[in-house]
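Novice: Before I ask anything, here is the structure I am working with.
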Amino acid sequence: MLCFDFKMSILGIFSGFSTSLLVWLVLLSFIAVLYTVLMKPHTYWTRKGVKTTKILPIIGDAIFGLCFSKKPYPKLIQEIYNDAGDSRYIGYSELRTPLLMIKSPELIKKIFVKDADSFQDRRVVFPENFDSLMSKTLIYLRGQEWKDVRSIWNLVLTASKVETMYPLLNKTAESFVRSFCDDKEDEVKTLDMKTAYRKYICDLSASTYFGIESGSETFRQKLSNFVTFNGNSIWTLLSFCIACLAPKLSPLFGVSSIVNKDVHTYFLKTVGEGVERENNNLHRPDIIGLLHKQKKEEESAEFEENLKRRKIYLNEDEIASQLCMFLLSSLDGLAATLGFITYELAVNPDVQKRLQKEMDDIRIDGELPEYQTIMGLPYLDMVVSETMRKWPAVTMTDRICTKPYTIEPQSPKESPVHLDVGDTVAAPLYALHHDPEYFPEPDKFDPERFAPENRFKIKPYSYLPWGIGPRNCNAGKLSLLQMKIFFFRLLEHFDIVPIDKTPIPINLQEGVIKVASDRDIFLGLRKRKDINV
């Protein structure tokens, strides 16, 4: 019996020991996994010898600030930019993605332009094939597939082809402006820019991109439910984060795509009708018409052999995807820029009067000036340029390292930084545009910065309103024309004035990644008395 008890005691000790060991092994394994998942991504740049900002687990520094601080996202990125001091770059983190912010304009030029073949792709926020429509847009395409599609758009959106859209854009702008005109001379009409400009962008996009005549109520209704998650609520932010961090769990939260399926179906149907129209020789100078024209040119025997490319046309799915991208950019970026220009003209009446004078000098009995004339107006260009400096459409732009790359040291303080395939670099547009070293008194609206005699003073690659390098905004010419025609028509009829509900100054909105006002902007339109229209 004693022998049995002794044996059982020995077995009990070893059993307890093995159980404790197992518990410790499980605990240590859990800690290791937790560290790998939560902490390791946030020590990424430190391990590469790069200066970093304060980084918190899971959500990183920038996203933490976006969710919990009282500072707008552009200001948070500006803080990281300032934390870099005199360093050319600084590491930080968004969710579990380490990013290297490039602060030096010279290094931005080298990475994003000269060595762009090592940084060919953009960071994809959502996983591949998360949304069948968005996954075919230029933003999401990568490698050779991106090159093939981009080469088509480079030929479609040339200045000469964009010029053919001039009457179409003018018609939409004039229709919008006329809707505010009546016989009452002294009345100041309230312009709710969020509502008014969204309606205008809907009509502009319907006509320019999808070949639908302006005023389509169906198109507006579809856009009211465009994306799967709308708004700025906590639920919206949570849905977005889940889609990024755990895409397989997204359907449990009702997030299985970016664009609503009903809207997707509508886009495909509309594009199909536009392609059929063009195939039946019912030509229209919209984007679908320009794509059809380009395809015919390349199929012709006269097309230069050295320009022949492996992909010369887009199918209907691809067209719908690219138009969806244009539409999103317009609803977000173009509408915001129109709003900020309108606001700056209202609170800077001297600028507005000078701009009206420049425009009045080229008016010919109410007729639309030549394309080259309106695009060449120097002060109009100065006003647009300064607005896009002060209020850039995006906070920053990024690229993915597609080949191993080394940032060579430039001073004794630096060591080589070896970038691996998959590393992300970012150019902080908003922070660069508000750096007093490049733009003195950056919060002041001063179109004279972009006067012909002053433009050469702007440090190259410190001003990047259309992005940079091969993946810059390829619709810049079209967007500029859209803005210039709009204000040519608006200022032809109205003075823009502040009213009691106008927020002065504008404060940036918290909890969103874009450059946006924290309040709806209301302005007044007063019919001009100093011109016959």
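Novice: Restricting to the stretch 95-106, name every residue that is open to solvent by 10 Å² or more (accessible area, probe 1.4 Å) and at pLDDT 90 or above.
Specialist: Of everything in the stretch 95-106, those that are open to solvent by 10 Å² or more (accessible area, probe 1.4 Å) and at pLDDT 90 or above turn out to be K103, S104, E106.
Novice: Restricting attention to the stretch 246-275, which residues are open to solvent by 70 Å² or more (accessible area, probe 1.4 Å) and modelled with pLDDT of 70 or more?
Specialist: Within the stretch 246-275, K261, D262, T265, K269, E273 meet the criteria.
Novice: Now for a different question. If you take the residues of the stretch 322-336 that are open to solvent by less than 10 Å² (accessible area, probe 1.4 Å) and out of contact with any strand residue (DSSP E or B) (no Cβ under 8 Å at 6 or more places or on another chain), which of them is nearest to R528 (Cα to Cα)?
Specialist: Going through the qualifying residues, I end up with S330.
Novice: From L419, L432, which residue is open to solvent by less than 10 Å² (accessible area, probe 1.4 Å), among the aliphatic types (A, V, I, L, M), at pLDDT 95 or above and under 17 Å from the mean Cα position of the chain (by Cα)? Give the derivation first.
Specialist: Values: L419 fails: under 17 Å from the mean Cα position of the chain (by Cα).
Result of the check over L419, L432: L432.
Novice: OK, next. Just a yes or no: is a residue in the stretch 514-529 surrounded by fewer than 20 Cβ atoms within 10 Å (Cβ to Cβ) and within 29 Å of A116 (Cβ to Cβ)?
Specialist: There is at least one residue in the stretch 514-529 that is surrounded by fewer than 20 Cβ atoms within 10 Å (Cβ to Cβ) and within 29 Å of A116 (Cβ to Cβ).
Novice: Could you tell me which residue of the stretch 296-317 is most open to solvent (accessible area, probe 1.4 Å), considering only residues that are of a type in the set (A, V, I, L, M) and at pLDDT below 80?
Specialist: Once the filter is applied, the top-ranked residue is A301.
Novice: So, one more: Given the conditions (1) open to solvent by 10 Å² or more (accessible area, probe 1.4 Å); (2) under 18 Å from the mean Cα position of the chain (by Cα); (3) within 21 Å of S330 (Cβ to Cβ), which single one is not true for Y463?
Specialist: In the conditions (1) open to solvent by 10 Å² or more (accessible area, probe 1.4 Å); (2) under 18 Å from the mean Cα position of the chain (by Cα); (3) within 21 Å of S330 (Cβ to Cβ), Y463 misses (3) alone.
Novice: Would you confirm whether or not the stretch 495-513 contains a residue that is surrounded by 17 or more Cβ atoms within 10 Å (Cβ to Cβ), within 30 Å of E370 (Cβ to Cβ) and either within 25 Å of the chain's Cα centre (by Cα) or modelled with pLDDT of 90 or more (or both)?
Specialist: Within the stretch 495-513, one or more residues are surrounded by 17 or more Cβ atoms within 10 Å (Cβ to Cβ), within 30 Å of E370 (Cβ to Cβ) and either within 25 Å of the chain's Cα centre (by Cα) or modelled with pLDDT of 90 or more (or both).
Novice: Follow-up. Here are some conditions: (1) touching a strand residue (DSSP E or B) at 6+ places or on another chain (Cβ under 6 Å); (2) under 30 Å from P498 (Cβ atoms); (3) not basic (K, R). S175 meets all but one. Which one does it not meet?
Specialist: Unmet for S175, out of (1) touching a strand residue (DSSP E or B) at 6+ places or on another chain (Cβ under 6 Å); (2) under 30 Å from P498 (Cβ atoms); (3) not basic (K, R): (1).
Novice: Being among the hydrophobic types (A, V, I, L, M, F, W, C) and surrounded by fewer than 22 Cβ atoms within 10 Å (Cβ to Cβ) is the requirement here; does V383 meet it?
Specialist: no
Novice: Any residue at all in the stretch 286-295 that is open to solvent by less than 50 Å² (accessible area, probe 1.4 Å), at pLDDT 90 or above, under 15 Å from D317 (Cβ atoms) and under 27 Å from the mean Cα position of the chain (by Cα)?
Specialist: yes
Novice: Please work out which residue is farthest from E163 (Cα to Cα), limiting yourself to the stretch 368-380 and to residues that are open to solvent by less than 30 Å² (accessible area, probe 1.4 Å) and assigned to a loop (DSSP other than H, G, I, E, B).
Specialist: L377
Novice: Quick one: which residue in D83, D61 is of a type in the set (D, E) and at pLDDT below 90?
Specialist: Going through D83, D61 in turn, just one is of a type in the set (D, E) and at pLDDT below 90: D61.
Novice: Tell me which of these D398 doesn't satisfy, since it passes every other one: (1) under 30 Å from L141 (Cα atoms); (2) open to solvent by less than 20 Å² (accessible area, probe 1.4 Å); (3) outside any loop (DSSP other than H, G, I, E, B).
Specialist: Checking D398 against (1) under 30 Å from L141 (Cα atoms); (2) open to solvent by less than 20 Å² (accessible area, probe 1.4 Å); (3) outside any loop (DSSP other than H, G, I, E, B), the one that fails is (2).
Novice: Six or more apart or on different chains, Cβ under 7 Å: which pairs go from a residue in the stretch 454-481 that's more than 19 Å from M375 (Cβ to Cβ) to one that's of a type in the set (F, W, Y) and not in a loop (DSSP other than H, G, I, E, B)? Could you list them?
Specialist: I468/F112; G469/F112
Novice: Among the residues of the stretch 114-131, what is the count of those that are at pLDDT below 90 and exposed (fewer than 14 other Cβ atoms within 10 Å of the Cβ)?
Specialist: 2
Novice: Mind telling me which of the residues E448, E453 ends up being part of a helix (DSSP H, G or I), surrounded by fewer than 20 Cβ atoms within 10 Å (Cβ to Cβ), out of contact with any Phe, Trp or Tyr (no Cβ under 9 Å at 6 or more places or on another chain) and not aliphatic (A, V, I, L, M)?
Specialist: On the way: E453 fails: part of a helix (DSSP H, G or I).
Result: E448 is the single residue among E448, E453 that is part of a helix (DSSP H, G or I), surrounded by fewer than 20 Cβ atoms within 10 Å (Cβ to Cβ), out of contact with any Phe, Trp or Tyr (no Cβ under 9 Å at 6 or more places or on another chain) and not aliphatic (A, V, I, L, M).
Novice: Separate question: If you scan the stretch 483-506, which residues turn out to be touching a Lys or Arg at 6+ places or on another chain (Cβ under 8 Å) and without any contact (Cβ under 8 Å) to a residue 24 or more places away in the chain?
Specialist: Listed by number, the list holds a single entry, P503.
Novice: Considering each residue of the stretch 136-148, count those that are assigned to a helix (DSSP H, G or I) and among the polar types (S, T, N, Q), and give that number.
Specialist: Of all residues in the stretch 136-148, those assigned to a helix (DSSP H, G or I) come to 136, 143-148.
The next check asks that each one be among the polar types (S, T, N, Q); those that pass are 144.
Residues meeting the conditions: 1.
Novice: Considering only residues that are closer than 20 Å to L327 by Cβ, among the small types (G, A, S) and in a loop (DSSP other than H, G, I, E, B), look in the stretch 458-479 and name the one that is modelled with the highest pLDDT.
Specialist: G467
Novice: Quick one: how many residues across the stretch 403-451 are among the aliphatic types (A, V, I, L, M) and more than 16 Å from I90 (Cα to Cα)?
Specialist: So the answer is 2.
Novice: Among (1) open to solvent by less than 50 Å² (accessible area, probe 1.4 Å); (2) over 30 Å from E408 (Cα atoms), where does N154 come up short?
Specialist: (1)
Novice: Which one is least open to solvent (accessible area, probe 1.4 Å) among residues in the stretch 350-367 that are of a type outside the set (V, I, T) and without any contact (Cβ under 8 Å) to a residue 24 or more places away in the chain?
Specialist: E358
Novice: On to the next question. Note down all Cβ pairs under 9 Å where the first residue falls in the stretch 149-176 and is assigned to a loop (DSSP other than H, G, I, E, B) and at pLDDT 90 or above, the second is open to solvent by less than 30 Å² (accessible area, probe 1.4 Å) and β-branched (V, I, T), and they're at least six residues apart or on different chains.
Specialist: Short answer, once both residue conditions are applied: L157/I287; M165/T208; M165/I287.
The values are calculated or read from the model by the stated rules, or taken from the named source; none is laboratory data. Only a predicted model underlies this, so the values are computations on that prediction, with no experimental measurement involved. In this analysis, Cβ positions are derived from the backbone assuming ideal geometry, glycine residues included, and neighbour counts consider all displayed protein chains. Surface accessibility is based on the protein's heavy atoms, side chains included, excluding ligands, DNA and RNA. Shrake-Rupley method; radii C 1.70, N 1.55, O 1.52, S 1.80 Å.
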